[in-house]
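Written below as structure tokens is the structure these notes are about.
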Amino acid sequence: MRAMVLARAGAALQLMDLPAPVAGPGQVVLSVLACGVCRTDLHVVDGELAEPVLPLVPGHEIVGVVEALGAGVDHLKVGQRVGVGWLGEACQTCPYCRAARENLCDAPVFTGYTRHGGYATRTVADARYAYPLADDADPAEQAPLLCAGLIGWRSLVMAGEGKALGLYGFGAAAHLVAQAALYQGRDIYAFTGRATSKARPSPARSGRSGRAVRMRPRRSLWTRRSSTPRSAPWSPPPWPRCARAGRWSAPGST
């Protein structure tokens, strides 16, 4: 297979030919369709995260097709599209894993950090952490959902059912959270600092920095004002469409 390899921290990735991976027990080999670039990948490459397994193939927003099954894998099939995120494996025995909080596992394996990731034509993943995905969506649009989407959705669920939702900072996770919350009919408040506003303009284009910007649902194909009940036959489009530019309005905007 071909892969982009990090030989040492701070070095440029090198395109290399590597032996084709083999699925061990409980694993799957994936033919990679797309792999997103996360800020954590840049931290790894720049040497800002300690003790990566080097040489390393980075990348943890992976969309791929199952090419081979390891022993004991019976819930996935060859040819199925799946996604793989940052948490590549958990111990299943620590208090966090037993409490269904595997993201806090005491002995985790991380994709693209302590295990080869998706900047390659193929990769190996733990089948328990390979998530089935729709076959008819753009893999490049699905990829960010495997990190920004996962952590954003977890935060949204933990925030409860309140009608008003505040987002501190507005990066990859927040822009996906905002779209999901707007679809649910919530009012969104995005809080950004001056540095953030200069580097990444507010989605509401308010021109104000260091202040809260309010975003409300706008009538569209996938969001409606919270005061307008949804019609019974209407259903949301698939996530990949929602992963595009959000549709919202700030006070006074059109």
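Remarks
- Ascending count of other beta-carbon atoms within 10 Å, so fewest first, for T121, T93, T192: T93, T121, T192
- In order through segment 25-42: 3J(HN,Hα) via Karplus (6.51 cos²θ - 1.76 cosθ + 1.60), integer Hz, x for Gly, Pro: x, x, 10, 10, 9, 10, 8, 6, 9, 7, 8, x, 9, 9, 4, 4, 4, 5
- Going by neighbour counts of Cβ atoms within 10 Å, the residues F191, F110, F170 line up, fewest first, as F191, F110, F170.
- Using 0.36 nm per residue and subtracting the Cα-Cα separation, the extra length available between V78 and V53 on full extension is 6.1 nm.
- Compactness relative to 2.2 N^0.38 Å, alpha carbon Rg of segment 2-137: 1.03
- Length gained when the stretch V157-L15 is fully extended (0.36 nm per residue, less Cα-Cα span): 47.1 nm
Computed from the coordinates by the stated procedures, all read-outs in this text should not be read as laboratory data. Predicted model, so just to flag it, every value in this text is computed and none were measured. As a convention, Cβ positions derive from the backbone with ideal geometry for all residues, glycine included, and neighbour counts pool all protein chains shown.
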